[in-house]
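Asker: Take a look at this one; I'll ask things after.
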Amino acid sequence: MSQFFIQLMPWIMLAFGSVSLLRLILGPTLGDRLVALNVLSGLALGFLVIQGVLQGRALYLDVALVYDIFGFLGFLALAHFLKKKDE
Amino acid sequence: MEEIVFWIREVGASLAYVISIIFGLIGLVGLYRFPDAWSRLQTSSITSTTSILSMLLGTLIMSPNWEMAFRILIILGFFMISSPTGSHIIARFLWQKNIPHWKPEEGLKPGDNE
């Protein structure tokens, strides 16, 4: 049962990620795009973790941790830059 | 004893994945149905916190050995810090940009639809 779900979850994560990527492209204002980017970063982290557990490799989990840290830093820098831009 | 642990792992992981799928779907529907960035922020927090968090808990239950379990635990702790902080940064960005709130259309009072 859980083997079925663990095989299914990467595809679910990919589908959710593509839907939120569509919001990132469509989003009418800047705030919508930032919201979609936040969701997309979390979904990519989930995809990497479940792929690592599925293939039994701990290397993917290291990659996921570093991706999360750098994604968060990049997100912070992006919000700061967009805030400073109009002033 | 072995069988009990096996069944606890099986049922717990399946339950965590089902919760993750349901809350992810709710969050993504809200991302398209809600009218402005303020209310979309709320559903995006549902997706990124509840869905990803319960999925990480499911992989933590299913993890084959201890080194992967501790790595997932570290990722989970960092994600618990970084994801609400990201939502807070978005909210402060919207607040400082003075992005207007969504209002109902003119001449429509609450309760008119009933």
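Asker: Within the stretch A:43-87, work out how many residues are among the β-branched types (Val, Ile, Thr) and facing chain B (nearest Cβ under 9 Å). I'd like the intermediate steps shown before the answer.
Answerer: Pass one, the stretch A:43-87, residues among the β-branched types (Val, Ile, Thr): A:49-50, A:53, A:63, A:66, A:69.
Subsequent filtering for residues that are facing chain B (nearest Cβ under 9 Å) retains A:49-50, A:53, A:69.
Matching residues across the stretch A:43-87 total 4.
Asker: Suppose we filter the stretch A:20-37 for residues that are β-branched (Val, Ile, Thr) and surrounded by fewer than 19 Cβ atoms within 10 Å (Cβ to Cβ); how many remain?
Answerer: Restricting attention to the stretch A:20-37, the residues satisfying the condition of being β-branched (Val, Ile, Thr) are A:25, A:29, A:35.
The next check asks that each one be surrounded by fewer than 19 Cβ atoms within 10 Å (Cβ to Cβ); those that pass are A:25, A:29.
Number satisfying all stated conditions: 2.
Asker: Would you list the helices (runs of 4 or more DSSP H) that sit entirely within the stretch B:2-114 and hold 2 or more residues that are surrounded by fewer than 17 Cβ atoms within 10 Å (Cβ to Cβ)? Quick ask: steps written out before the conclusion?
Answerer: Values: elements: B:2-33, B:37-45, B:52-62, B:66-97.
In the stretch B:2-114, the matching helices (runs of 4 or more DSSP H) lie at B:2-33, B:37-45, B:66-97.
Asker: Still on this structure, please answer the following. Which one of the conditions (1) more than 7 Å from chain B (Cβ to nearest Cβ); (2) within 21 Å of residue B:80 (Cα to Cα) does residue A:38 fail to meet, given that it meets all the rest?
Answerer: (1)
Asker: Turning to a different aspect of this structure: Given the residues B:63, B:54, B:44, B:20, which is the only one that is touching a residue at least 12 places away in the same chain (Cβ under 8 Å) and within 7 Å of another protein chain (Cβ to nearest Cβ)? Spell out how you get there, then give the answer.
Answerer: Details: B:63 fails: touching a residue at least 12 places away in the same chain (Cβ under 8 Å); B:54 fails: within 7 Å of another protein chain (Cβ to nearest Cβ); B:20 fails: within 7 Å of another protein chain (Cβ to nearest Cβ).
Matching residue, one of B:63, B:54, B:44, B:20: B:44.
Laboratory data are not the source of any read-out in this text; all were calculated from the coordinates shown. Remember, predicted model here, so these are calculated numbers, not experimental data. When we count neighbours, we look across all protein chains shown, and the Cβ atoms used for this are built from the backbone with ideal geometry, even at glycine.
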